[in-house]
Amino acid sequence: MEIQKLLNTQISDVAATSLMTLYCHALESQSKDPILDDPLAVEITDKLNPELSQSDNKLYQSLAKGKLEKKLVVHVAMRAKRYDDYTRNFLERSHNGIVVNIGCGLDTRFHRIDNGKVIFYDLDLPEVIAVKRKLLPETDRYRFIPSSVLNYEWMEAITQLNPDSVLLMAEGVFMYLKEEEVKSLVLKLQSTFPGCELIAEFFNAAWLKQPLRAIINRKLQRDFKFGKDATFKFGIKDSKDLDSWNPGIEFLDDWFYLDEPEKKLGLLRVLKDIPFFRKILWTARYKLN
Ligand SMILES: C[S@@+](CC[C@H](N)C(=O)[O-])C[C@H]1O[C@@H](n2cnc3c(N)ncnc32)[C@H](O)[C@@H]1O
């Protein structure tokens, strides 16, 4: 039987990380007491498996075999569940809210949270959206933006709708960008969508310095099997750091994995009282006034 080619072009190392999070969602959904219920992710991975298993790419091969570190699966599923909850909460507060999932990858959030009204944009690099288009249909309320988030023309489609309120989320994305890119993006979001909410995951800047940087790179490349260009470049020290980037940026709250009473975190939970470990990767929420 001929294998359907879904990935056909060689995707970049950063874009390929979207396959890893998709497989985490699918694997966790099929586990006992799943943190995340994502049947569509399971369906998509079933479609991708034949192609990935024939590839000579190490990441693809381990994904097709379902060989992913258990703790990684748990972290990524916890994060997806948390961002689903943030989205539902936003939609309860804002009846005509628009959601933009920046660096959406192959995630199926729209289908997990759809309230029958939301207009939801999935934005990612053209090579990722090309794959997504083959797997999920676009509709009036579920739209794709094939663009780098750094090419600001994408914002026009949303400003034209004159939305009452906008939620922008960047789940596992900003760390792959450069500091000046993230700063300029946040300021552009602030001026284009005044009053919007931004939710983003951050990496701790302390871990960008050697020798910690080498430990992280080894983890990404050896254990996660990421390509060498999928490295972390940007970090902050504290959620409140963004407040100093421009007047009007207002930190609201943050969320740390290890604070969750999630039994699947296992022994990692004992690290929650050690700030150095508790705060490697975390999520913060802002109002951009
Ligand atoms: C680790 S994946 C996360 C995917 C998704 N947010 C999730 O949690 O399942 C990182 C994603 O960021 C996207 N990305 C990286 N740089 C980007 C850019 N400049 N513009 C748009 N997307 C970008 C990648 O293509 C990839 O899909």
Notebook entry, point to check: If amide H atoms are built 1.01 Å from N in the plane of the peptide, which residues on other chains or at least 5 residues away come under 5 Å of the amide H of residue 142?
Noted result: 120
Note to self: Can you say what percent of the DSSP beta bridges in the chain, counting only those with both residues inside, are antiparallel? Round to 5.
What the structure shows: 40
Next item on the list: Restricting things to alpha carbons, tell me how big the stretch 100-151 is in terms of Rg and Dmax, in Å.
Entry: 10.3, 30
Checklist line | Point-to-point label distance, residue 289-residue 223, nm (Cα→Cβ direction, 7 Å offset) | finding: 4.1
Next item on the list: Please work out the Cα convex hull volume for the stretch 61-114 and give it in Å³ per residue.
Entry: 85
Next item on the list: Report, by chain and number, residues whose modeled amide H sits under 5 Å from the one on residue 233, excluding near sequence neighbours (fewer than 5 apart, same chain).
Entry: 176, 177
Notebook entry, point to check: Taking all pairs of different Cα atoms in the stretch 158-289, averaging 1/r and flipping that mean, what Kirkwood radius in angstroms comes out?
Noted result: 16.1
Check: At residue 240 and residue 272, where each label point lies 7 Å from the Cα along Cα→Cβ, what is the point-to-point distance in nanometres?
Finding: 2.3
Checklist line | Extreme residue, positive dipole direction of the stretch 127-261, given options 234, 247, 163 (C-beta unit charges) | finding: 234
Next item on the list: Might you report the magnitude of the Cβ-based charge dipole of the stretch 1-86 about its Cα centre, with Lys and Arg at +1 and Asp and Glu at -1, to the nearest 20 debye?
Entry: 300
Margin query: With +1 assigned to the C-beta of every Lys and Arg and -1 to the C-beta of every Asp and Glu, and no other charges, what is the dipole magnitude of the chain about the Cα centre in debye, to the nearest 20?
Written below: 1000
Margin query: How long are the semi-axes of the equivalent ellipsoid of the stretch 1-76, defined as square roots of 5 times the Cα gyration tensor eigenvalues? Whole Å, largest first.
Written below: 21, 14, 11
Next item on the list: Within the stretch 205-275, list the trypsin sites (Lys or Arg not before Pro) lying in a DSSP loop whose Cβ has at most 14 other Cβ atoms in a 10 Å radius.
Entry: 209, 228, 233, 237
Check: Put +1 on the Cβ of every Lys and Arg and -1 on every Asp and Glu Cβ in the chain; which of 31, 193, 99 then has its Cα farthest towards the positive end of the dipole?
Finding: 31
Margin query: Please list, short to long, the whole-number percent of alpha-carbon pairs of the chain in consecutive 5 angstrom bins beginning at zero.
Written below: 1, 5, 12, 17, 19, 18, 14, 9, 4, 1, 0, 0
Checklist line | Estimated inter-spin distance, residue 178 and residue 13, nm [label 7 Å along Cα→Cβ] | finding: 1.6
Check: From the backbone phi of the stretch 153-165, what are the Karplus-calculated ³J(HN,Hα) couplings (6.51 cos²θ - 1.76 cosθ + 1.60, θ = phi - 60°) in whole Hz, Gly and Pro given as x?
Finding: 4, 4, 5, 4, 4, 8, 5, 4, 7, 6, x, 5, 8
Notebook entry, point to check: If you look at just the Cα atoms of the stretch 156-218, how large are its Rg and its Dmax in Å?
Noted result: 15.1, 48
Check: With every protein chain left in place, what is the accessible area per residue of the chain in square angstrom, probe 1.4 Å?
Finding: 47
Margin query: Accessible area of the chain with a 1.4 Å probe: how many percent of it is carbon plus sulfur?
Written below: 52
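The values are calculated or read from the model by the stated rules, or taken from the named source; none is laboratory data. For clarity, every value in this text was computed on a predicted model and none was experimentally measured. Positions of Cβ are backbone-derived with ideal geometry, glycine not excepted, and every protein chain shown enters the neighbour counts. Note: areas computed on protein heavy atoms with side chains; ligands, DNA, RNA excluded. Shrake-Rupley method; radii C 1.70, N 1.55, O 1.52, S 1.80 Å.
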